[in-house]
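The values are calculated or read from the model by the stated rules, or taken from the named source; none is laboratory data. The model shown is predicted, which means the values in this text are computed figures rather than measured ones. Here the Cβ is made from the backbone with ideal geometry for all residues, glycine too, and neighbour counts use every protein chain on show. Note: areas computed on protein heavy atoms with side chains; ligands, DNA, RNA excluded. Shrake-Rupley method; radii C 1.70, N 1.55, O 1.52, S 1.80 Å.
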Amino acid sequence: QRLPVFANQTAEDQTTAVVEGLEVRATSYGEPFAYRPEDRPAMAVDGDPATAWLVGDRFNPIGQSIEVSGELSGLSILQSQQPGASRVISSVRLDVDNAASQIVELDETSLSGNGQPLDVPAGATFARLTIASVAARTGGTDPGPSAVGFAELGLGAHREIVRLPSDMSGLRPAAPLAIVMT
């Protein structure tokens, strides 16, 4: 739970991350008590199937969603490739622009290769994928309910850029300032 430590803080006072060419958001990621950076939404559009947006680790992921705005041609679902996972997503609700919602049943193609293609109208610029149901994963060895999510959304590799605070007016260090990023 994020607490408003600095009530008057704006984006200019914060370190922020954006994905080049897309806007990607999710209702949650990681587990209920930890926002693990390796599970954040940007991992679903980085072009690396070894990373993923993950949600529902040790809790119910149904109703959690990821939203993407931008050029959506080629939208597909490649599910998380985490070894030993005990669950998979079996269906999602797909909302595209202002079209009617549709339930998409995920099949074996969503688990390998380029993933399962989704039917998205030409020129669409917004999509929300909401987890509608999950199922046991064949061969899963995780003793608890593992996280589920998307390794790739078929939109190519998009760089994530970290922007440091642009308003440094309140920062007047008495000693030299060093910024370390990893």
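Laid out as a table, the results:
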{"quantity": "Stretch gain in nm, segment GLU38-GLU20, where the contour uses 0.36 nm per residue and the Cα spacing is subtracted", "calculated": "4.7 nm"}
{"quantity": "Sparse-neighbour loop sites [chymotrypsin sites (Phe, Trp or Tyr not before Pro); the stretch 1-97; at most 16 other C-beta within 10 Å; DSSP]", "calculated": "PHE6, PHE33, TYR35, PHE59"}
{"quantity": "For the stretch 66-182: span of alpha carbons on each principal axis (Å, largest first)", "calculated": "59, 42, 23"}
{"quantity": "Debye, to nearest 20: dipole size of the stretch 1-156, +1 on Lys, Arg Cβ, -1 on Asp, Glu Cβ", "calculated": "500 debye"}
{"quantity": "C-alpha center-to-center spacing [the stretch 116-176, the stretch 17-88] in angstrom", "calculated": "4 Å"}
{"quantity": "Pairwise FRET efficiency - SER73 versus ARG163, Cβ, R0 = 30 Å, nearest 0.05", "calculated": "0.65"}
{"quantity": "Per residue value of the accessible surface for the stretch 1-77 (all protein chains in place, 1.4 Å probe), Å²", "calculated": "57 Å²"}
{"quantity": "Options PRO41, PHE59, GLN116, ranked by Cα towards positive dipole end of the stretch 21-128, top entry (Cβ charges)", "calculated": "PHE59"}
{"quantity": "Residue range of the chain that is longest and free of GluC sites (Glu not before Pro) which are both DSSP loop and sparsely packed (at most 15 other C-beta within 10 Å)", "calculated": "72-182"}
